[in-house]
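See structure below.
The values are calculated or read from the model by the stated rules, or taken from the named source; none is laboratory data. Keep in mind it's a predicted model, so treat the numbers as computed, not measured. Please note: Cβ atoms are built from the backbone with ideal geometry, for glycine as well, and neighbour counts cover all protein chains shown. Protein only, heavy atoms only, side chains kept; ligands, DNA and RNA dropped before computing areas. Shrake-Rupley method; radii C 1.70, N 1.55, O 1.52, S 1.80 Å.
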Amino acid sequence: MTELPKTFDPAAIERHWYAHWEANGLFRPDRPGAEPWTIVNPPPNVTGSLHIGHALDNTLQDILTRHARLKGKDAMWVVGTDHAGIATQMVVERNLAKEGVKRTELGREAFIDKVWAWKAESGGQITRQLRRLGCSMDWSNERFTMDEGFSAAVIKVFVELHRRGLLYRDKRLVNWDAGLGTAISDLEVETREVQGKFWHLTYPLADGSGTISVATTRPETMLADMAVAVNPADDRYTTLIGAQVRLPITGRLIPIVADEHADPALGSGAVKITPGHDFNDFEVGRRAGIEARDMLNMLDAKARIVDCGGVPADLIGLDRFEARTRIVAMLEEAGVLERVEDRVIQTPYGDRSGVVIEPWLTDQWYVDAKTLAAPAIEAVRSGAIRLVPKTWEKTFFNWMENIQPWCVSRQLWWGHQIPAWFADDGRIFVAETEGEAQAEAGEGVVLTRDPDVLDTWFSSALWPFATLGWPENGDPTLGRRYPNDVLISGFDILFFWNARMMMQGIEFMGDVPFRTLYLHGLVRAADGAKMSKSKGNTVDPLGLIDKYGADALRFFMAAMESQGRDIKMDERRVEGYRNFATKLWNACRFAQGYGIGGSTSLEPPVATQAVNQWIIAECVATVQAVDLALAEYRFDAAANAIYQFVWSRFCDWYLELIKPVVNRAEGAVPAADERGRIDDETRAVAGWTLDQILVMLHPFMPFITEELWHGLAPRTHDLIVGQWPMPDARALNPEASREVDWLIRLVSEIRAARTELNVPPGARLPLHVRDAGEETTARLARQQPVLARLARVDLAEGEANGGAAQVVVDEATFVLPLEGVIDLDAERARLAKAIAATEKERDALGGRLSNASFVERAKPEAVEKARADHADKMAEAARLHAALGRLG
């Protein structure tokens, strides 16, 4: 046994043990005959750095992985990174710009070489940071979505989907980022509130009989209007359906169509329809019989005006916002601008470019998501995939049952280039190689490859099986590891990633990608606000690790992770869990001081003393609680169970209760020759219990537990590959547990009474007992030395005289004479005054909370604080009343 230092240094321990685990292959020990258990990490962007959401997500995954490994399973945590098309291309382009070089000047191949060079030099930051968090990932098989094997899987899936009629090229609206020059996903669009305007316009009827009013936040789009829609049930416009209006500026004639998209209660009830530049209008246009190929497009890829029919020459080539100003002036001059309202507009922006996103009509590649979604929906309905929390099922079904075609092409250079080749006559050939495409097209046909690349969500959707060797035949890993056991994910990518993995996995593997999908919430700022760089309220997890250690941050994440709820960041709690680690460290040092070391057996030692039988029972109950909580993905319950056992039952009570046993002279730390006073049973039980604590706590706090594991005894193996405790009900003695629980309640009540009534800590008090039954009397006789030591009371005969405090435990009343110890009248007066003040504050807070105006108008955090303060005052008043009641 190596003597533990007085204090522990988390940084030194973390560096040492992570390097040791990884160098010795302990994240993936050789267990060929063991039950396989598999989880894949949501691959972070190769450009990324660890943020607080990563810390939560990966902590939860590591807890499950370490738990499975300790259970003896062949646990594998697949790790890798995503090539992050847009993000990576932007990083490299910015670096080149510093050298005065543009991507287009280099050419595609040279630019991609630059990206690979950047990845080799700078792309490993996120994986180094995951190591600092303690993630026990299978680094020996680290994957990258652009590595050779994975890329082959991506290309194969694209080609197969096309052959099966599930992937096609079409003209539809996309989120177009004019700054980056590419389509982007919904997840890459952020909505901002912008002070804008609502322009009300009048369009003249073609026959000159009148006008119809419409309103828009984007007046420039009127250049591409193709209809005006009214609700078929709106009596005001029934006679106008089928009529035509003449567009101002362009002079084009467009029809008035009936569509329920128009809401009679909003504005004039008539809506201008621009199918080529609005997602809702696109659908209205299609219902009106306008094909996508016939929809007008008034912008080019850089969001500049083009001629879509009748556009004045002086507008062509203008930026959309410059054109807006000119068009508004032209409408006003023509007398068709009725009025302008100031409005706060919800405006879409590209999250990377910062440019306003434009719905834009363009040719792209699409996946038939509706067809692929059907078996995924059935998998969740049938229970083949379990969503946790179950409350997410409604949202999942609603989205999946209304799913739209999935745009999978991006106008970038970095990524999986689409395996499609165009012939001059417009034919398209999709194949895994250019040679196959040429063979299909025929000799002499000139082919040009599609320059676009695939959406990164397309490739990452293959993560659960392409990381395991698919499509190579005969890979034994794939058969043992697919489906994965569980996926841990933020709810915000349920549809972008989780659902698409279900679609692709079922389509290509014939089975679901994972049996359980656990969706956690967001980590928010302390006030509940969403974290963002613009608000300046983000928290750096690495800074917290530097300050408190990785174990403290991990335990905070687990303890705060409650199903269906977001986490409020609270650095004080992280500090508190660092203190928890310190308490465990000091408990182990205390144990060493009495010659208590690690155990050599999984089975609990034979115990005859009640206190030892009690702690064994408490340990068994804790193992069961942690196992059950983790099986149900209740991370907070699992963390709380082990926390309460370590802090309260073991440190605060068991070590205190055995002190008279290990050192009956009540000295502080015994000298070496005094250590023999500890009996073998207590030494063995204490050492065994400490071992069980270290194993149970290891998934949550891997670093300190590994250090203490080796500090308590010479070991034949590392804790990371140890064995999970096996709860054995045969070791339980209910009577012993009841007696020690009774003792703890009695000591706690006496201590509370002494504290509440300001009894001097050093005062020894006589303890009189009334109405005690035989069992209580016997317990008092056995536990008198412990009561004398922990409660500073001595059993006394007869009735107590004078003023006294009393506590009730079970059937017995325990009386503490206080005459001459405290001023009883002064104490009663003090308590009465404190009760009055507390109840006044309690009632004032209650009045505020019962005021509907306060609850409705105050900020949510102010209402929440008032409720918490009210609860505190209620509890304090009850405590003070109880203290006064003790005095009779």
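For Glu861, put the label point 7 Å out on the Cα→Cβ axis and report which residues of the stretch 534-558 keep their amide N under 17 Å from it. Within reach of a label on Glu861: 534-540.
Please report the antiparallel percentage of DSSP beta bridges with both residues in the chain, rounded to the nearest 5. Working shown, then result.
On the way: 63 of 89 bridges.
If we restrict to bridges inside the chain, about 70 percent are antiparallel.
To put it simply, the accessible area of the chain at a 1.4 Å probe is 50 percent carbon and sulfur. Accessible surface comparison of His67, His881, probe 1.4 Å, protein chains only, largest first: the order is His881, His67. In this structure, Ile241 and Ile345 have a Cβ-Cβ separation that, at R0 = 25 Å, corresponds to a calculated FRET efficiency of about 0.25. One chain, two ends: Ala206 and Ala117. Fully extended at 0.36 nm per residue, the span grows by 25.8 nm beyond their Cα-Cα distance. Phe556 sits with roughly 0 Å² accessible to a 1.4 Å probe, with DNA, RNA and ligands left out of the calculation. Rounded to the nearest 20 debye, the dipole magnitude of the stretch 576-645 is 360 debye, with +1 charges on Lys and Arg beta carbons, -1 on Asp and Glu beta carbons, and the Cα centre as origin. Note on Glu440 and Thr104: with the Förster distance fixed at 56 Å, the Cβ-Cβ geometry gives a FRET efficiency of about 0.95. The long axis of helix 10-23 is offset from the longest Cα principal axis of the chain by roughly 70 degrees. With 18 Å as the limit, the listed pairs Lys568/Lys859; Lys390/Lys530; Lys197/Lys272 have Lys390/Lys530 beyond it between alpha carbons. In this simple spin-label model, placing a label point 7 Å from the Cα along the Cα-to-Cβ direction at both Asn95 and Asp424 gives a separation of 4.1 nm.
When the inverse distances between all different Cα atoms of the stretch 503-661 are averaged and flipped, the Kirkwood radius reads 18.8 angstrom. Counting only alpha carbon atoms, the long axis of helix 860-886 and the longest principal axis of the chain meet at about 10°. Binning the C-alpha pair distances of the stretch 424-571 at 10 Å intervals from 0 yields a P(r) profile of 9, 24, 23, 23, 12, 7, 2 %, listed from the shortest bin outward. Only protein heavy atoms count here; on that basis, with a 1.4 Å probe, Asp843 has an accessible area of about 90 Å². All Cα-Cα separations within the stretch 1-84 were binned at 10 Å from zero, giving a P(r) of 14, 35, 36, 14, 2, each value a whole percent of the pairs.
The share of C-alpha pairs in the stretch 268-402 whose separation exceeds 22 Å stands at 60 percent.
Mean shadow of the stretch 58-194, computed from the convex hull of its alpha carbons, in nm²?
Working: hull surface 53.9 nm².
The directionally averaged projection comes out at 13.5 nm².
Probing with 1.4 Å while keeping every protein chain in the model, the per residue accessible area of the stretch 325-479 equals 46 Å². So if each residue of separation counts as 0.36 nm, and I subtract the Cα-Cα distance between Arg764 and Arg192, what length gain in nm does that give? Length gained, Arg764 through Arg192: 199.2 nm. Put a plus charge on the Cβ of each Lys and Arg, a minus charge on the Cβ of each Asp and Glu, and nothing anywhere else: the dipole of the stretch 165-232 about its Cα centre is then about 120 debye.
Excluding same-chain neighbours fewer than eight residues apart, the aspartates and glutamates reachable from Lys171 by a Cα-Cα span under 12 Å are Glu291, Asp294, Asp363. Round to the nearest 10 and give me the degree value, 0 to 90, for the angle of helix 148-163's Cα axis relative to the longest principal axis of the chain. Around 50 degrees separate the two axes. Think of the stretch 420-522 as a dipole: +1 on every Lys or Arg Cβ, -1 on every Asp or Glu Cβ, centred on the Cα centre; then among Gly510, Pro483, Trp457, Pro483 lies furthest on the positive end. Largest to smallest in accessible area, the residues Phe635, Phe508, Phe422 fall in the order Phe422, Phe508, Phe635 (1.4 Å probe, all protein chains included).
Suppose we look only past 37 Å in the calculated P(r) of the chain. What percent of the Cα-Cα pairs does that tail hold? Everything past 37 Å amounts to 60 percent.
Determine the percent antiparallel among the DSSP beta bridges restricted to the stretch 752-851, to the nearest 5. Roughly 70 percent of the beta bridges in the stretch 752-851 run antiparallel, per DSSP. Would you please state the base-10 log of I(q)/I(0) at q = 0.15, 0.17, 0.20 1/Å for the stretch 691-761, with intensities from the Debye formula using one equal scatterer on every alpha carbon? For the stretch 691-761, the Cα-only Debye profile gives -0.75, -0.78, -0.82.
Approximating the spin labels as points 7 Å out from Cα along Cα→Cβ, the Asp9-to-Asp872 distance works out to 3.9 nm. Where in the stretch 354-381 does the label zone of Asn297 land, with the point 7 angstrom along Cα→C-beta and an amide N cut-off under 16 Å? Those under the cut-off are 358-366. Listed by chain and number, the lysines whose alpha-carbon sits under 18 Å from that of Lys102, ignoring those within fewer than 8 places in the same chain, are Lys114, Lys302. Spin-label model, Glu322 to Ala19: label points 7 Å out along the Cα-to-beta-carbon direction sit 5.9 nm apart. Of Cys308, Cys588, the order by accessible heavy-atom surface (1.4 Å probe, DNA, RNA and ligands excluded), from most exposed downward, is Cys308, Cys588.
Computed on the stretch 188-294, the Cα convex hull volume stands at 119 Å³ per residue. Heavy-atom accessible surface of the stretch 229-298, averaged per residue, reaches 47 Å², computed with a 1.4 Å probe. Within the same chain, aspartates and glutamates fewer than 8 places from Lys873 are excluded, and of the rest, those with a Cα less than 19 Å from its Cα are Glu756, Glu839, Glu841, Asp843, Glu861, Glu864.
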